[in-house]
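Novice: Okay, here's the structure, questions in a sec.
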Amino acid sequence: MLVLNNVTYKRKKNELIKNISGEINQGDCISLFGPNGAGKSTLLNLMAGLETPSSGTCENKSQEKITIGYVPQQLALFEHMTVRDHLTYYQKMTKQTNQHYVNEMIDVLGLKDILDYQVQTLSGGMARKLNLAVGLIHEPQLILLDEAFVGVDLATKHDMLTWLHQLNEQGSTIVLISHDWHVIEHIAQTMWVLDDGELIDRFPISQVDLKQREYSRYAGSDLRKMFALRR
Amino acid sequence: MIIVKSMLWRRSTLLTILGLPLLILVVILPFVEKTTENTQVRIDVVDPYNQSYVEEMVNRLNDRESFSLNLRGQLNLNQLERGDVEAIFVVENQLQEKVEEGETENLLTWYRHEHSLVDGLFKEYLASTLMEDIVRSEAANIVTGDTEMATWDEVYQYGNQFFRPEPLFQMNFKTYESNVNEVEDSSNWPIALVWAYLVLIIVYFSSWLYEWRNRGVFSRLAVFSRGKLRLHLTWVNVVLSTILITLVGFVGINEWLSLIALDHSQYGILALVSVLSLIFIWLLSFIIHSRHVLIAITTIYTVISVALVLLVEWDMLTFQNWYLIWLPFWLVS
Ligand SMILES: Nc1ncnc2c1ncn2[C@@H]1O[C@H](COP(=O)(O)OP(=O)(O)O)[C@@H](O)[C@H]1O
Ligand SMILES: [Mg+2]
């Protein structure tokens, strides 16, 4: 559904993304992987259309416009607003009329009990759930998650992964950024490895054992350390 | 509506919007009281004939604290025009003789300005002082037989005339209308402070734009059609409403306490300038990515413009057309 063609992105003469090509198909679940500063967030923003490539194209190859759900790295929430207020605001904004979907999401993510909590009183995990829910409220075809699982406890992670898995099964496409092997192995089908703005590797999750051994020979690199942390 | 609630909910919002004007009022009010204390009603009495009776009368009247009387030899209507005095009373020649003969008409000519307010009070007081003399001398005249009064009845009737409900005391009355265009009332520079306060409100609210940007709220909204624009418009609406409510409040208080002399068009210009400031600061927030830089720039601009207004006000600078890039000059000039 989305085709990247030699995408390069520069900012202040720095090439943050270098000549990346790739294809995202409907139903995919891709994990962008790489050390800090590799350009993962930038690539995700390019996919979301928040930035435009300096050269190359990032095109939607499907017939109709695809709806995108973007969950930023920060907790992009309004202070002094309750969980319910957030859901209502975004539901109105996106003209989401499928109340059944919204209710189910509230149910699976366990937001029911905290609907009247103000955002600043939420624990880290609860806030992450809301951050995710807000980005998914309009049943997006393409879900883009930038480190959506930072600082969540295992139970919260379970709820979030369950919901994402369910959406993916139903045909939604997911691109996520995560450092968390739990998350990656639980949901991703494909891994894209980025380093220094380049897409250096791309493989199905089934090859991750093989790749772990391969990267363990990358002495000194951050990627070796990151793969080493996988059990 | 949800966003509005979340913006106004913050305690500091209410404190800033409500607390500051209160603080300013508390600071300003003593000044206002002081100036009203100082404003004794200034009145000139003009006696071209240098009569000692008039001098004596002025001394008597001057005991009144609320009036400040000046005895002059010449009529100078410019003083009325400048608002230096509230009214001028010109006395006739041989005032004492006329009073002693019991004459009550045309002893004085009263000049007043269309803006004169409380001089009427003085007129009453002056009249009663003169009447006292008139009645006393009439009584003396009768008792000493200076007046040819035949019967008790005639004397009684004569005395009665002073208690008739008609004007006891008549004088020529002239309203002075200046042909000169009203001299620029330049004491309205504090309006620049009102503007500065509104700028402060706008800058305060701009913190939300930066918060939303830093928290990724705008990025999140950008994937929805016109999502970003909508939040921006909500923000503009909230700030605009706050400004307008504040302005209405200010107009109300100002009309009530007459703190700053302003006419309706100046209120309009204040509203216009405030809305312009809002638009400028909003546009600036797109260019300037650090909230602190925005605060610094607007503060410097505000301080410089208020300082310039004051310097021009105190005649330390002469106004030049390019000063109009400083918005408060639209208000005071
Ligand atoms: N606003 C910016 N201006 C300049 N450089 C930036 C900006 N944002 C990020 N970068 C740089 O771009 C590179 C990639 O950033 P990012 O995509 O956030 O990496 P990641 O998400 O993989 O950690 C980093 O080197 C970072 O320093
Ligand atoms: Mg990142």
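The values are calculated or read from the model by the stated rules, or taken from the named source; none is laboratory data. Source: prediction; values computed, not measured. All Cβ positions, even for glycine, are placed from backbone atoms using ideal geometry, and neighbour counts span all protein chains on display.
Novice: Could you grab the pairs with beta carbons closer than 7 Å, sequence gap of 6+ or different chains, first residue in region A:1-19 and in contact (Cβ under 8 Å) with a residue 40 or more places away in the chain and within 16 Å of ligand 2 (Cβ to nearest atom), second one assigned to a strand (DSSP E or B) and of a type in the set (A, V, I, L, M, F, W, C)?
Specialist: A:TYR9/A:LEU16; A:TYR9/A:ILE17; A:ILE17/A:VAL7
Novice: (1) more than 7 Å from chain B (Cβ to nearest Cβ); (2) under 15 Å from the mean Cα position of the chain (by Cα); (3) not hydroxyl-bearing (Ser, Thr, Tyr): which one isn't true of A:ALA76, the others all being true?
Specialist: Evaluating A:ALA76 over (1) more than 7 Å from chain B (Cβ to nearest Cβ); (2) under 15 Å from the mean Cα position of the chain (by Cα); (3) not hydroxyl-bearing (Ser, Thr, Tyr) leaves (1) as the failure.
Novice: Would a scan of region B:251-270 turn up a residue that is of a type in the set (Phe, Trp, Tyr), surrounded by 14 or more Cβ atoms within 10 Å (Cβ to Cβ) and either closer than 29 Å to B:LEU229 by Cβ or not assigned by TED's automatic domain parsing to the domain that holds B:PHE218 (or both)?
Specialist: Just the residues of region B:251-270 that are of a type in the set (Phe, Trp, Tyr), to begin with: B:256, B:267.
Next cut, surrounded by 14 or more Cβ atoms within 10 Å (Cβ to Cβ) only: B:267.
Keeping just the survivors that are either closer than 29 Å to B:LEU229 by Cβ or not assigned by TED's automatic domain parsing to the domain that holds B:PHE218 (or both) gives none.
No, the conditions are met nowhere in region B:251-270.
Novice: Looking for whichever is among the hydroxyl-bearing types (Ser, Thr, Tyr), assigned to a loop (DSSP other than H, G, I, E, B) and more than 14 Å from chain B (Cβ to nearest Cβ) here; the options are A:SER31, A:SER62. Which one fits?
Specialist: Residue meeting the stated conditions: A:SER62.
Novice: I'd like the full set of residues that are in contact (Cβ under 8 Å) with a residue 40 or more places away in the chain, surrounded by fewer than 16 Cβ atoms within 10 Å (Cβ to Cβ) and part of a loop (DSSP other than H, G, I, E, B), limited to region A:38-59.
Specialist: The answer is A:SER54, and nothing else.
Novice: Does A:THR88 satisfy the criteria of being within 14 Å of chain B (Cβ to nearest Cβ), of a type in the set (Val, Ile, Thr) and free of Cβ contacts under 8 Å to residues at least 40 places away in the same chain? Full working, then the answer.
Specialist: On the way: within 14 Å of chain B (Cβ to nearest Cβ): yes; of a type in the set (Val, Ile, Thr): yes; free of Cβ contacts under 8 Å to residues at least 40 places away in the same chain: yes.
Yes.
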